[in-house]
Amino acid sequence: MARKSIVFTVEADNRDKGKQFKITEMPARKAEEWAIRLACAVIGAGVTVPDNMMMAIGAAVAPAPAEDNAEARELYESVMASGMAGLAQWGITSLAKVPFAQSKPLLDELLDCVKYVGGNGIETSLVDEGQIEEISTWSRLKIEAFKLHIAFVAATAS
């Protein structure tokens, strides 16, 4: 099965409005190692992991409960539906608390998942000049790449 990809279109009313970017998941092993390095960096920076985040993380990596266990299944579905969004938000917010020297390589790896889609539909690697003119677009691409990887974790858990 191919890795999941999304096309992100900038909707903000700025110089990047309408530009498109294709974001593709990292290979599974690279994504796993990236997640481990993220967790080590965040915990090493002294960020507290709230209990509800631990529950979301645990649910994401545990197999789905059996169909006949309605109560456990309902809790699992609830965590998958809302907990993964919270996990994504917590992850991005927590990464901001990690020293830049540690967070920059992690953020750069998220951007390695992004290709610029030109007006002719041709995908090219991101470059620092010309393709992106707004700081907010750089930030949004990192968030969208992170969300794609979190969604992948949720999908593989069920």
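The values are calculated or read from the model by the stated rules, or taken from the named source; none is laboratory data. Here the structure is a predicted model, which means the values were calculated and not measured. With ideal geometry, Cβ positions are generated from the backbone for all residues, glycine too; neighbour counts draw on all protein chains shown.
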(request) Report the residue count in the stretch 76-112 for those that are in a helix (DSSP H, G or I) and at pLDDT 90 or above. (result) 12
(message) Need pairs with beta-carbon distance below 6 Å; first residue within 18 Å of residue 100 (Cβ to Cβ) and touching a residue at least 24 places away in the same chain (Cβ under 8 Å) and within the stretch 33-50, second among the basic types (Lys, Arg) and not in a helix (DSSP H, G or I); sequence gap 6+ or separate chains.
(response) 45/97; 47/97
(message) Any residue that is more than 28 Å from residue 42 (Cα to Cα), at pLDDT below 75 and of a type outside the set (Gly, Ala, Ser) - is there at least one of those in the stretch 113-134?
(response) no
(request) Evaluate the stretch 42-55: report whether one residue or more is at negative phi, loosely packed, with under 12 Cβ neighbours inside 10 Å, β-branched (Val, Ile, Thr) and modelled with pLDDT of 80 or more. (result) no
